[in-house]
1. Quickly run through the stretch 106-124 and pick out the residues that are more than 23 Å from residue 150 (Cβ to Cβ) and among the acidic types (Asp, Glu).
2. In the stretch 165-182, how many are in contact with a helix residue (DSSP H, G or I) (Cβ under 7 Å, 6 or more places away or on another chain) and surrounded by fewer than 18 Cβ atoms within 10 Å (Cβ to Cβ)?
3. Whether any residue in the stretch 2-17 is assigned to a loop (DSSP other than H, G, I, E, B), among the small types (Gly, Ala, Ser) and within 20 Å of residue 150 (Cβ to Cβ) is what I want to check.
4. Give me the residue from the stretch 95-106 that is modelled with pLDDT of 90 or more and buried (at least 16 other Cβ atoms within 10 Å of the Cβ) and, out of that set, farthest from residue 133 (Cα to Cα).
5. Quick check on this structure: which one of 153, 196 is loosely packed, with under 15 Cβ neighbours inside 10 Å, in contact with a Ser or Thr (Cβ under 9 Å, 6 or more places away or on another chain), within 22 Å of residue 34 (Cβ to Cβ) and small (Gly, Ala, Ser)?
6. When you check residue 203 against the structure, is it of a type in the set (D, E, K, R), over 16 Å from residue 62 (Cβ atoms), without any contact (Cβ under 8 Å) to a residue 40 or more places away in the chain and surrounded by fewer than 17 Cβ atoms within 10 Å (Cβ to Cβ), yes or no?
7. So which residues in the stretch 180-209 are among the charged types (D, E, K, R) and either over 19 Å from the mean Cα position of the chain (by Cα) or in a loop (DSSP other than H, G, I, E, B) (or both)?
Amino acid sequence: MAEKPGIDIRGLAVGPLETNCFIVSCPRTRKALIIDPGGNAEAIAKLAAETAVDPILVVLTHGHSDHMAAAAPLMRRFGIGLAIHGDDIDTMRLSVDDAPMWGMGAVEYPEVTTLLSDNDEIPFGEASAMVMHTPGHTRGGISILAGGAVFAGDTLFYGSIGRTDFFGGDMDTLLESVRTRLFTLPDPTPVHCGHGPSTTIGREKAHNPFLTGLVP
């Protein structure tokens, strides 16, 4: 059996909250996932064209408007669906209503076509991604493991963690998600965050002040 290819990763910060949107593609087939398109649909579409990829699905790490503001126009443009964890549907509906309060303006509610669960596999071309349910920032927050890297949404940041004072947030749950899911990944694993710079699992174990004591 032929070995599955790695992945290509391209990212850009979008929207007023500078959310990191990632286009993750199979190098052989160019099939791609668009992760967290939080705004600037034209810029995301331009990046897809410049890198000659064929998007097949929008995947949301969670349902906040700053991670999905460009989802609906991109779905129409490419004729693709949207996947999100089933526990974040209510979060997404509330966040669309609250979007103007966060400077997002009017956000179109994107039609969900795929409900994700923990350990689901998302194929794209000859590559695939795995869903890790990492609640705490929201009830249905997920991290996406692909090509030896993890796309952690707003669960884990460089030197910080996601807020838990929104609907569905819970600090104890978030810390448990980091401890039992993300921190079980190898230390060199790249972590691509929902905002700010990327990091590694090992760096956050060693230096993240919010996670002191999570590592024995």
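1. Once the filter is applied, which keeps residues that are more than 23 Å from residue 150 (Cβ to Cβ) and among the acidic types (Asp, Glu), the stretch 106-124 yields 108, 111.
2. The qualifying residues number 1.
3. Here is the first cut: in the stretch 2-17, the residues assigned to a loop (DSSP other than H, G, I, E, B) are 2-7, 15-17.
Then drop every residue that is not among the small types (Gly, Ala, Ser), which leaves 2, 6, 15.
When the remaining residues are screened for being within 20 Å of residue 150 (Cβ to Cβ), the result is 6.
Yes, some residue in the stretch 2-17 is assigned to a loop (DSSP other than H, G, I, E, B), among the small types (Gly, Ala, Ser) and within 20 Å of residue 150 (Cβ to Cβ).
4. Once the filter is applied, the top-ranked residue is 96.
5. Result: 196 is the single residue among 153, 196 that is loosely packed, with under 15 Cβ neighbours inside 10 Å, in contact with a Ser or Thr (Cβ under 9 Å, 6 or more places away or on another chain), within 22 Å of residue 34 (Cβ to Cβ) and small (Gly, Ala, Ser).
6. No, not satisfied.
7. Step one: of the stretch 180-209, the residues among the charged types (D, E, K, R) are 181, 187, 203-205.
Scanning the stretch 180-209 gives 181, 187, 203, 205.
Okay, residues lined up against (1) crowded, with 21+ Cβ neighbours inside 10 Å; (2) in a strand (DSSP E or B):
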| position | (1), (2) |
| --- | --- |
| 52 | no, no |
| 58 | yes, yes |
| 75 | yes, no |
| 90 | no, no |
| 110 | yes, no |
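The values are calculated or read from the model by the stated rules, or taken from the named source; none is laboratory data. On a predicted model such as this, the values are computed, not experimentally measured, just so you know. Positions of Cβ are backbone-derived with ideal geometry, glycine not excepted, and every protein chain shown enters the neighbour counts.
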